Amino acid sequence: MSVHTYTMADIISPITPSRLFQALSIDNHNFANNLSKFVKSIELVHGDSTTVGCIKQVNLPDGSPVKYVKNRVDEIDFDKHYVKYTSFEGDVLGDALECVIYENKFEASGSGCHFTMVGHYYTKGNAVIKEEEITEGRESIKQLFKAVDEFLLANPELYA
């Protein structure tokens, strides 16, 4: 097994860190209803979304090349708007990955937010991660963020 680390997202958003953190990390199981192009649903499998050890299953839309992924929250810091979680089950891991550990940081930037997502990919055996898969992942994250920004800008009372 080896570990490959990539910066998956480095995004500036007009939305404040606290609103994005709530929408994308804490209340994402409810907020996902607004993002049907990207997520079919998010189910709480274990615990609640505010505690370490919480497990959520992210179900992807019909027609997506992958059906689901299960994520476990490993660390959460509400004051710093930081969450670390492990994607540990689901067809999104394929044959090459044991798991992926993500670190998401939402930091103030002007009147908005600087979002950083770092992914630590743990491969099985000598498996190789294709650069095109990382590039596709980055593009998906950018598209998701654009949709989140648009929705939160249109609904300023949400997570205010």
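Only the coordinates and a few stated rules stand behind these numbers; no lab work does. These figures come from a predicted structure and were not determined experimentally. Reconstructed Cβ throughout: ideal geometry from the backbone, glycine too, with neighbour counts over all protein chains shown.
From largest to smallest, the equivalent ellipsoid semi-axes obtained for the range 3-154 from the alpha-carbon gyration tensor read 23, 17, 16 Å.
Trypsin sites (Lys or Arg not before Pro), restricted to the range 1-69: which are DSSP loop and have at most 12 other Cβ atoms within 10 Å?
Values: sites: 19, 37, 40, 56, 67; in loops: 37, 40, 67.
Passing both the DSSP loop test and the Cβ count: 37.
Over 25 Å between C-alpha atoms is what I'm after, so list which of 40/124; 70/124; 37/124; 124/146; 80/130; 40/80 land there.
Values: 40/124 28 Å; 70/124 18 Å; 37/124 31 Å; 124/146 33 Å; 80/130 33 Å; 40/80 29 Å.
The pairs that break the limit, which is 25 Å between Cα atoms, are 40/124; 37/124; 124/146; 80/130; 40/80.
Of 33, 104, 126, the residue with the greatest mean-square motion in the GNM of the chain, using alpha carbon springs below 10 Å, is 126.
Run through the range 69-129 and list the trypsin sites (Lys or Arg not before Pro) located in a DSSP loop whose Cβ has at most 12 other Cβ atoms within 10 Å.
Numbers: sites: 70, 72, 80, 84, 105, 124; in loops: 80, 124.
Passing sites in the range 69-129 are 80.
Helical content alone sets the calculated 222 nm signal of the chain at -6000 deg cm²/dmol, taking -39,500 (n - 2.57) per DSSP H segment of four or more residues and averaging over every residue.
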